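Chemist: Can you keep this structure in mind? I'll have questions shortly.
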Amino acid sequence: MVNIGTAVTVAVMLLVAGCDRSHQTTHRPDVNNPVDYVWELPEGFPVPLVPPDNPMTYEKIELGRQLFHDPRLSGDGSVSCATCHQPELAFTDGKPQSVGMQGSLHPRSAMSLTNVAYNATLGWDDPSLTRLEDQIRIPLLNTQPHEMGVAGREDEVIARFKKDRRMQRQFRKAFPDDEHPMSMRNAIYAIAAFERTFISGNSPYDRWAYGGEVDALDSEERAGARLFFSKRLSCFRCHAGFNFSGPLIYECSGTPEPLFHNTALYDVDGNGAYPEPNTGVHRITGRREDMGKFRAPTLRNIALTAPYMHDGSIPTLEAVLDHYAAGGRARSYNPGTSRTDIESGPDALMTGFTLTPEERNQLIAFLNALTDESFVRRATKQAVR
């Protein structure tokens, strides 16, 4: 096995900081009372942080699974959470911009829900969005655009489930202490519990780096790993840790500082501006220095989640590499984008690099080796058709 110091260091730190737990076996849920969920986590993964007001139980997770795939949870009964987060695509939808109820077009692409339980912030650009219970309200209740179109129709939507005896039983089992368990709040909490189970950590890279399978990566993939973790490319500086992403949160981790990055994707005014309404964290704060800053998504299952970037404007992994090798595609039509004297300029790491054709193929091979086929099979099998 090729020794990559960064990966090994991260793994050791996580095992220490993550409140190491012995392997636990899943128990069959009791048919009458909620049973606490028992995590079965990949090697090197810490226990996700679960909010105390939404403890994980098998019954709640099962209710969330049903609701996640049920179009009755939308205003007109036409779309579900799974419409934009399809299990076979690592919970993305393959579109540059997601399409909601009645064809409403979202300005951004659907982010993968792979390992969403660990994300310190959620969505592309909101530093304050830290709880799944809050994030799920956005697609349900948004009016600009209408994603699921539930705003103003909450009672109507819940009434559909109240007519379903099976769903009545599931809500009661999931929330046995609630006098009126069938509510939009409980539906959201159940979906959040279900999404926290989307744990992916059995890719060829994981089996090689953490599982001791020396042949899990071939020579081309190992060479790509060396490039990924090299100082020359510094991919790992933004796509860091066991999730190959921005900051993470888990039991005993503390609260990390949110990080967002300007990757020189646009410069529409010569001063680093991004096109409305996708101005990054600037959309939330209004501060010029936050222009074009977006969260680094996980690279796990990245081969399944095209097209790429917040607006789906880069179609392939090869094109993504070309973008970063150039120091950002905005530089090709406005060299001033590379200036450091403008307040809203790209990140300092966006300096560009050179790859030989062989190195390019090696890096693509490594990124493909982050695909966890068992995760996708399991998620697809759980889908309610």
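The values are calculated or read from the model by the stated rules, or taken from the named source; none is laboratory data. Nothing here was measured: the structure is a model prediction, and the numbers come from that model. Note: ideal-geometry Cβ built from the backbone for every residue, glycine included; neighbour counts use all protein chains shown.
Chemist: When the residues of the stretch 213-229 are filtered to those that are out of contact with any helix residue (DSSP H, G or I) (no Cβ under 6 Å at 6 or more places or on another chain) and without any contact (Cβ under 8 Å) to a residue 60 or more places away in the chain, which remaining residue is farthest from ALA325 (Cα to Cα)?
Modeler: This residue is ASP215.
Chemist: Among the polar types (S, T, N, Q) and either in contact with a strand residue (DSSP E or B) (Cβ under 8 Å, 6 or more places away or on another chain) or within 29 Å of LEU41 (Cβ to Cβ) (or both): does that describe GLN102?
Modeler: no
Chemist: From the set of residues in the stretch 31-55 that are assigned to a loop (DSSP other than H, G, I, E, B) and in contact with a strand residue (DSSP E or B) (Cβ under 8 Å, 6 or more places away or on another chain), which is surrounded by the fewest Cβ atoms within 10 Å (Cβ to Cβ)?
Modeler: In this case the residue turns out to be PRO55.
Chemist: If you don't mind, there's one more thing I want to ask. Inspect the stretch 361-374 for any residue being of a type in the set (Gly, Ala, Ser), at negative phi, modelled with pLDDT under 95 and out of contact with any His (no Cβ under 6 Å at 6 or more places or on another chain) and give the result as yes or no.
Modeler: The answer is no, given that none of the residues of the stretch 361-374 is of a type in the set (Gly, Ala, Ser), at negative phi, modelled with pLDDT under 95 and out of contact with any His (no Cβ under 6 Å at 6 or more places or on another chain).
Chemist: For the stretch 170-187, how many residues meet the condition of being under 15 Å from SER74 (Cα atoms) and not in a helix (DSSP H, G or I)?
Modeler: Narrowing the stretch 170-187 to residues under 15 Å from SER74 (Cα atoms): 183-185, 187.
Retained after the next criterion (residues that are not in a helix (DSSP H, G or I)): 183.
Number of matching residues: 1.
Chemist: Test LEU259 against the stated conditions and say whether it is assigned to a loop (DSSP other than H, G, I, E, B), in contact with a Leu (Cβ under 8 Å, 6 or more places away or on another chain), over 21 Å from LEU41 (Cβ atoms) and not small (Gly, Ala, Ser).
Modeler: no
Chemist: Let me ask another. Limited to the stretch 96-155, what total is found for residues that are closer than 28 Å to ALA303 by Cα and basic (Lys, Arg)?
Modeler: 2
Chemist: Here is a further query. Check ASP164, ASP177, ASP218, ASP155 and return the single one that is out of contact with any Ser or Thr (no Cβ under 6 Å at 6 or more places or on another chain) and under 29 Å from LEU49 (Cβ atoms).
Modeler: ASP177
Chemist: ARG232 - would you say it is among the basic types (Lys, Arg), under 25 Å from the mean Cα position of the chain (by Cα) and either under 30 Å from PRO42 (Cα atoms) or in a loop (DSSP other than H, G, I, E, B) (or both)?
Modeler: It is false that ARG232 is among the basic types (Lys, Arg), under 25 Å from the mean Cα position of the chain (by Cα) and either under 30 Å from PRO42 (Cα atoms) or in a loop (DSSP other than H, G, I, E, B) (or both).
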